[in-house]
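Working notes for the structure below.
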4 protein chains.
Amino acid sequence: MTQHGESADSHHAPLSGALIGNGHKLTARVYFADTDFTGVVYHARYLEFFERGRSDYLRLAGVHHTELADGIHGEVLAWVVKRMEIDFQRSAKIDDILTINTRTEKVSGARIYMAQEIMRDGDVLVTARVEAALVNGEGKPRRFPREWKAAFLGDNGEEGHRISPAPS
Amino acid sequence: MTQHGESADSHHAPLSGALIGNGHKLTARVYFADTDFTGVVYHARYLEFFERGRSDYLRLAGVHHTELADGIHGEVLAWVVKRMEIDFQRSAKIDDILTINTRTEKVSGARIYMAQEIMRDGDVLVTARVEAALVNGEGKPRRFPREWKAAFLGDNGEEGHRISPAPS
Amino acid sequence: MTQHGESADSHHAPLSGALIGNGHKLTARVYFADTDFTGVVYHARYLEFFERGRSDYLRLAGVHHTELADGIHGEVLAWVVKRMEIDFQRSAKIDDILTINTRTEKVSGARIYMAQEIMRDGDVLVTARVEAALVNGEGKPRRFPREWKAAFLGDNGEEGHRISPAPS
Amino acid sequence: MTQHGESADSHHAPLSGALIGNGHKLTARVYFADTDFTGVVYHARYLEFFERGRSDYLRLAGVHHTELADGIHGEVLAWVVKRMEIDFQRSAKIDDILTINTRTEKVSGARIYMAQEIMRDGDVLVTARVEAALVNGEGKPRRFPREWKAAFLGDNGEEGHRISPAPS
């Protein structure tokens, strides 16, 4: 029986997910804390799953929150989310195993645009478009280091692989 | 000194906020749990403030989560968020006193569209457009009771007051 | 009807609660985000209600998180919880209006011991004993300023009023 | 460099952890959402890590939240935490890789007692003793099915392996 992915209990997922093309794929479980009294995942908790996907994507691409905070780029830096558009299509439930797909759509100066989706057993549950920026300790926007563009967008520096099927 | 609204500590805010025109205004405090290691409020926690605003707006308009869950409309009903667009413009900090403004933009069949904003000392921090629906216990969409339309949109049933410029 | 304190919707509670004897009393609402799929408040969310009680108690006693973080005592300071014992006796539900009572039991050198309880309509739902300390930016424990002892324990500096009935 | 376990990024951890003696071991990452403005993990979020450990332990022992909720034992059942004692000894930080160890200490009638600890690189950060019970849909306590005792306590039905000294 594959309900809630229980057959997958013995499977090993990389803790930080995996890089795929110009994107990233992460596996995560739904626990008590993620749900609300209507029986499904509380809508704001999907944003935590999205954030885990983005953080692990950055981690595997070589960008670490701790290094940013430690000032290795000359000053304290941190990521901030500037805008999100989120479509909640289907609900996740307790014990579900979710896949979080993250893909870079565009990198420009001081902004990065990502497309994300949360899936379960091949069904898309929630999609999001996320615009994020880098700020210093005073909240001032900062440009990305030049080498990041290649890290996020792949060799051609323009467009990467699509998460398949791509969010509409 | 009015930093973080500390001068307002002795002021009394109605626990469930107040109805204003076809909208609602709620006051809430930022606590430890709302913040993250970058020193400001974690982006997904703004969605909890927005949800409090919507819940208390519904409450004062006479729509109670508990009654929906108890099936007074013939079956178990619950609200679900279908879509959100969120602009994170400025950051809130620990101890800040926030105002959450909520306004109904449109009610159609089985969907309600709301505009929300989180303010501090007259500055807009975060804005959101929210599309919500009513579903039954199996997640099937349900039409709103007829009397709700008037409750949310005011007398003319078409358009209500704008929250922008924001109520003081 | 007073179910879930709905009759109290028009009542005004002080945003930061009120000092009572050597203790503090705060009113707060249960929202969607506080609940889990079993239909009641998720156990770890009670700790957020307790933290709000302690934070507002400190605030009204004149101790501000922001001032501690700004280093007005000579270095960056922050509160840390060192130990908690929590008894979950009854469950809170969506829409419930809760009262969080906080009382100082003992202040010694660099530790403060508080007794807390969460109540609904006169019933005790959850009680906690909390041991907290003050640390600097490197996590080193720091002694309390002398004047705090009086602030937390009242005139006699030894014992204050009991929350009635006191948690056992 | 093994700071924050970053060298372990390529390692594969079983999504639901692993059974070890009469206990369980789970690996989890600290993300933005887990931290607060003091720069470390917010104290109540450790309870979410503990809950993940207990849930996955139960899962691998064959006890599923979804089956309990579906009434396979004759009525709707759910776990509730009745009491916790928590010692917060050291702080976890963003990007840390944590190990959550869970061990059954005692099973009696309708209560299960567990000892848990959160570790990082061999250091104990937080320990907890947890008392949990099984309740039906009305919150009434229910006795455990007979076969669970063996599942949680191992062959001799009395005592299992100790997690301390902790498994590597």
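Of everything in region C:50-62, what is in a helix (DSSP H, G or I), out of contact with any His (no Cβ under 9 Å at 6 or more places or on another chain) and open to solvent by 10 Å² or more (accessible area, probe 1.4 Å)? Give them in sequence order.
Going residue by residue through region C:50-62, those that are in a helix (DSSP H, G or I) are C:50-60.
Cutting the leftovers down to out of contact with any His (no Cβ under 9 Å at 6 or more places or on another chain) gives us C:50, C:52.
The answer is C:ARG52, and nothing else.
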Inset, instruction - Please enumerate the residues belonging to region B:107-143 that are within 15 Å of the chain's Cα centre (by Cα) and of a type in the set (Lys, Arg). - result: B:ARG129
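Restricting attention to region A:65-72, does a residue exist that is open to solvent by less than 50 Å² (accessible area, probe 1.4 Å), facing another protein chain (nearest Cβ under 8 Å) and either in contact with a helix residue (DSSP H, G or I) (Cβ under 7 Å, 6 or more places away or on another chain) or not small (Gly, Ala, Ser) (or both)? Outline the logic, then answer.
Of the residues in region A:65-72, the ones open to solvent by less than 50 Å² (accessible area, probe 1.4 Å) are A:65-66, A:68-69, A:71.
Within this subset, residues satisfying the condition of being facing another protein chain (nearest Cβ under 8 Å) are A:65-66, A:69.
Imposing the further condition that a residue be either in contact with a helix residue (DSSP H, G or I) (Cβ under 7 Å, 6 or more places away or on another chain) or not small (Gly, Ala, Ser) (or both) reduces the set to A:65-66.
Yes; the residues of region A:65-72 include at least one that is open to solvent by less than 50 Å² (accessible area, probe 1.4 Å), facing another protein chain (nearest Cβ under 8 Å) and either in contact with a helix residue (DSSP H, G or I) (Cβ under 7 Å, 6 or more places away or on another chain) or not small (Gly, Ala, Ser) (or both).
State yes or no: is B:GLY39 at pLDDT below 95, on the phi > 0 side of the Ramachandran plot, out of contact with any strand residue (DSSP E or B) (no Cβ under 9 Å at 6 or more places or on another chain) and surrounded by fewer than 21 Cβ atoms within 10 Å (Cβ to Cβ)?
Numbers: at pLDDT below 95: yes; on the phi > 0 side of the Ramachandran plot: yes; out of contact with any strand residue (DSSP E or B) (no Cβ under 9 Å at 6 or more places or on another chain): no; surrounded by fewer than 21 Cβ atoms within 10 Å (Cβ to Cβ): yes.
No, not satisfied.
Out of the residues in region C:1-32 that are within 19 Å of B:ASP70 (Cα to Cα) and modelled with pLDDT of 95 or more, state the one that is least open to solvent (accessible area, probe 1.4 Å). Show your work before the answer.
Step one: list which residues in region C:1-32 are within 19 Å of B:ASP70 (Cα to Cα), which gives C:1-7, C:30-32.
Among the residues that remain, those that are also modelled with pLDDT of 95 or more are: C:30-32.
Values: C:VAL30: 1, C:TYR31: 18, C:PHE32: 19 Å².
Residue satisfying both the conditions and the ranking: C:VAL30.
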Inset, instruction - Of the numbered conditions (1) more than 15 Å from the chain's Cα centre (by Cα); (2) aliphatic (A, V, I, L, M); (3) surrounded by 22 or more Cβ atoms within 10 Å (Cβ to Cβ), A:ALA78 fails exactly one; give the number of that condition. - result: (3)
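Can you name the residue in region A:85-106 that is aliphatic (A, V, I, L, M) and over 15 Å from the mean Cα position of the chain (by Cα) and is also nearest to D:HIS64 (Cα to Cα) among such residues? Reasoning before the result, please.
Here is the first cut: in region A:85-106, the residues aliphatic (A, V, I, L, M) are A:86, A:92, A:94, A:97-98, A:100.
From the residues that got through so far, the ones that are over 15 Å from the mean Cα position of the chain (by Cα) too are A:92, A:94, A:97.
Working: A:ALA92: 16, A:ILE94: 10, A:ILE97: 14 Å.
Selected residue: A:ILE94.
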Inset, instruction - Filter region D:121-142 down to residues that are crowded, with 19+ Cβ neighbours inside 10 Å and in contact with a helix residue (DSSP H, G or I) (Cβ under 9 Å, 6 or more places away or on another chain) and give me whichever is nearest to D:TYR46 (Cα to Cα). - result: D:VAL126
Legend entry - Residues that are within 14 Å of chain D (Cβ to nearest Cβ) and of a type outside the set (Asp, Glu), drawn from region C:84-99: C:MET84, C:ILE86, C:PHE88, C:GLN89, C:ARG90, C:SER91, C:ALA92, C:LYS93
Inset, instruction - Within region A:121-144, identify whether any single residue is under 30 Å from B:GLY137 (Cα atoms) and of a type in the set (Phe, Trp, Tyr), and answer yes or no. - result: no
Legend entry - Odd one out for D:ILE97, checked against (1) under 19 Å from C:HIS43 (Cα atoms); (2) of a type in the set (A, V, I, L, M); (3) crowded, with 21+ Cβ neighbours inside 10 Å: (1)
Inset, instruction - Count, please, the residues in region C:110-124 that happen to be touching a residue at least 40 places away in the same chain (Cβ under 8 Å) and among the small types (Gly, Ala, Ser). - result: 1
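Which of the residues that make up region B:99-133 are farther than 16 Å from B:GLY23 by Cβ, in a strand (DSSP E or B) and at pLDDT 90 or above? Give the steps one after another, and end with the answer.
Initial filter on region B:99-133 (farther than 16 Å from B:GLY23 by Cβ): B:108-111, B:120-123, B:125-126, B:131, B:133.
Now drop any that are not in a strand (DSSP E or B), which leaves B:108, B:111, B:120, B:123, B:125-126, B:131, B:133.
Residues satisfying the conditions are B:ARG111, B:ARG120, B:ASP123, B:LEU125, B:VAL126, B:GLU131, B:ALA133.
The values are calculated or read from the model by the stated rules, or taken from the named source; none is laboratory data. Source: prediction; values computed, not measured. Positions of Cβ are generated from backbone atoms using ideal geometry, with glycine treated the same way; all protein chains shown enter the neighbour counts. Areas reflect the complete protein model, heavy atoms only, side chains present, ligands, DNA and RNA absent. Shrake-Rupley method; radii C 1.70, N 1.55, O 1.52, S 1.80 Å.
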